Structures are given as structure tokens and as C-alpha cells.
Amino acid sequence: MKKIEAIINPLELEEVRKALQTFGLEEITVSDVRDFGWPVTRTEVFRGSEYTLEFQPMSKLDLVVEDAQAEGVVEAIFKST
């Protein structure tokens, strides 16, 4: 058994889920996390004040797969992001 952790953009979550279903993975654990270190920071306005967001919202996937599936699952995640 192998444990795979992947941090992806939340907008890509549905595409990754579909790619993982091709391996028969119907259950995955998804957590909302924040990532620091992107080369691009976002600026948003809240109640008239402008804020720079240094932490970007991301989704973390936790998977446990058979040894034989691990390489294919990792490739599927990379291809769908």
C-alpha cells in the first residue's frame, strides 16, 4: 500500500476526481488548505479596503492505493492538473 498526498487548485478537483475514477478509486479524502509561495499574489477588495492575499486556497488530496496503482495514479493527477 502507498499513501499519496497531492495539493491542487480547487478548480481542478472535479477533473482529478474523474481521472482517479478510471483506477477504480471511488473514495478520496479532500481537505481545504492554504498555500504560500506562489509567484503571484492576489489582491481583493473587502468593504472598500484592498487586501493582498499571500495564502492561496488549495485542495489537499489524501489517497491510499495498492503498490501497483501508485505510479498510474500519480500520473493521472499530474495530467489532469
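Just so you know, all these numbers are worked out from the coordinates, no wet-lab data involved. Owing to the predicted nature of the structure, the values given are computational and were not obtained by experimental measurement. Please note: Cβ atoms are built from the backbone with ideal geometry, for glycine as well, and neighbour counts cover all protein chains shown.
Compared with the alpha-carbon gap, the fully stretched path from residue 56 to residue 1 is longer by 16.7 nm at 0.36 nm per residue.
Charged neighbours of residue 26, selected by a Cβ distance under 13 Å, balance to +1 (K, R count +1; D, E count -1).
Note on the range 32-76: Kirkwood radius taken over Cα pairs, Stokes-Einstein applied at 25 °C and 0.890 mPa s, translational D equal to 181 µm² s⁻¹.
The helix-based estimate of mean residue ellipticity at 222 nm for the chain, built from -39,500 (n - 2.57) per DSSP H run of four or more residues and divided by its residue count, is -8500 deg cm²/dmol to the nearest 500.
What the pair-distance distribution of the range 1-48 shows, using all Cα-Cα distances binned every 5 Å from zero, is 4, 12, 22, 21, 14, 11, 8, 5, 2, 1, 0 percent.
So how do 24-35, 51-62 stack up, highest first, on mean other-Cβ count within 10 Å?
Descending packing order for the listed peptides: 51-62, 24-35.
Between residue 66 and residue 45, take the C-beta separation as r, use R0 = 35 Å, and let me know the FRET efficiency to the nearest 0.05. Approximately 0.15, to the nearest 0.05. When every alpha-carbon pair in the range 2-80 is counted, what percent end up more than 17 Å apart? Beyond 17 Å sits 51 percent of the P(r) for the range 2-80.
How much length is gained if the chain between residue 25 and residue 78 is pulled fully straight, taking 0.36 nm per residue apart and subtracting their Cα-Cα distance, in nm to one decimal? It would help to have the intermediate numbers written out before the result.
Working: separation 53, 0.36 × 53 = 19.08 nm, distance 1.61 nm.
Here the segment from residue 25 to residue 78 would lengthen by 17.5 nm.
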